[in-house]
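The values are calculated or read from the model by the stated rules, or taken from the named source; none is laboratory data. Bear in mind the structure is a predicted one, so any value in this text is a computation, not a measurement. Here the Cβ is made from the backbone with ideal geometry for all residues, glycine too, and neighbour counts use every protein chain on show. Calculation scope for accessible area: heavy atoms of the full protein, side chains included, ligands and nucleic acids excluded. Shrake-Rupley method; radii C 1.70, N 1.55, O 1.52, S 1.80 Å.
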Amino acid sequence: AWANEDYWDGLAMCYEQGLVKAVGVSNYGVDATRAVHEKLAARGIPLASNQIQMSLLYRFPLENGLVDVCKELDVDVLSYSPLALGFLTGKYDKETRPSGPRKAIAKVLLDGEDDGSNFNTLIQTMRDVASNHPGATLSQVAVNWTRSKGTIPIPGARSLKQVKQNLAALEWELSGEEVALLDAASVKVPSYATPEKAFFTKEDINTKLKMFDS
């Protein structure tokens, strides 16, 4: 929330002293990414990565230009939660719902104004795409969609089977037509989360630099 430039100096010192091989940040928005990139570049240090949330159900980094800025600055985008907390794996529907905090997300996706129609259409589109690739799973479709946007997905896994499924996504890629079909379906699904409601610090309290926007 404050002293971000001091923090960046600390990161630069770690790099210069050989304590780290690369410098990356997490959940930085457009303005903050440009600012830290400029600060590090002044010392000849590249900004290697920005880890942000992105999935077929959370497209804000694509829509507000953050992914484009990272590409412009040659910063790798590490997209976390590419499976959208499991909602893109096909295991949830009106009858089968998650417990705990994810209940609220299920309510938005499955019981919203469209009564879950658009979410179901997205899942069916993912199934159709998966059927074009022998042995492919919905999880792999979701992971490869983030890859199609030029990002590096970092999906979670709770079992060896899930690890192997995630790894197998690297064995095939989506076609341009498949990406377009997934885009068209995903933009219609109600957002289960918005940047405005995120718990991340939105700006530096001293400099007023906008730190988070997606």
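Quick notes
- Hits in the range 52-68 - residues which are under 11 Å from P195 (Cβ atoms), touching a strand residue (DSSP E or B) at 6+ places or on another chain (Cβ under 8 Å) and in a strand (DSSP E or B): I52, Q53
- Test for V129: is it of a type in the set (V, I, T), closer than 27 Å to L174 by Cα, open to solvent by less than 20 Å² (accessible area, probe 1.4 Å) and more than 19 Å from the chain's Cα centre (by Cα): yes
- Tally of residues being open to solvent by 30 Å² or more (accessible area, probe 1.4 Å), over 15 Å from S81 (Cα atoms) and not charged (D, E, K, R) across the range 184-201: 6
- Out of K202, K208, K197, K161, sole residue that is modelled with pLDDT under 95 and at positive phi: K208
- Contacts under 6 angstrom Cβ, first residue in the range 187-214 being closer than 19 Å to L57 by Cβ, partner part of a loop (DSSP other than H, G, I, E, B) and among the charged types (D, E, K, R), 6 or more apart: P195/D213; F212/K202
- Options L40, L85; residue that is aliphatic (A, V, I, L, M), assigned to a helix (DSSP H, G or I) and open to solvent by 50 Å² or more (accessible area, probe 1.4 Å): L85
- Count of residues meeting criterion [open to solvent by 30 Å² or more (accessible area, probe 1.4 Å) and either among the aromatic types (F, W, Y) or out of contact with any Lys or Arg (no Cβ under 9 Å at 6 or more places or on another chain) (or both)] in the range 43-52: 4
- Restricted to the range 144-155, and to residues there that are of a type outside the set (S, T, N, Q) and closer than 15 Å to L57 by Cβ, the residue that is surrounded by the most Cβ atoms within 10 Å (Cβ to Cβ) is W145.
- Looking across the range 160-174, the residues that are over 18 Å from Y80 (Cα atoms) and open to solvent by 50 Å² or more (accessible area, probe 1.4 Å) come down to L160, K161, E171, E173.
- L138 falls short of the stated requirement of being within 18 Å of the chain's Cα centre (by Cα) and open to solvent by 50 Å² or more (accessible area, probe 1.4 Å).
- Verdict on T96 being β-branched (V, I, T), without any contact (Cβ under 8 Å) to a residue 60 or more places away in the chain and touching a Ser or Thr at 6+ places or on another chain (Cβ under 8 Å): no
- Members of the range 6-33 that are open to solvent by 50 Å² or more (accessible area, probe 1.4 Å) and either under 19 Å from the mean Cα position of the chain (by Cα) or of a type in the set (A, V, I, L, M) (or both): M13, L19, V20, A22, S26, D31
- Applying the condition of being closer than 12 Å to K94 by Cβ and among the hydrophobic types (A, V, I, L, M, F, W, C) to the range 107-122 and asking which residue is surrounded by the most Cβ atoms within 10 Å (Cβ to Cβ) yields F119.
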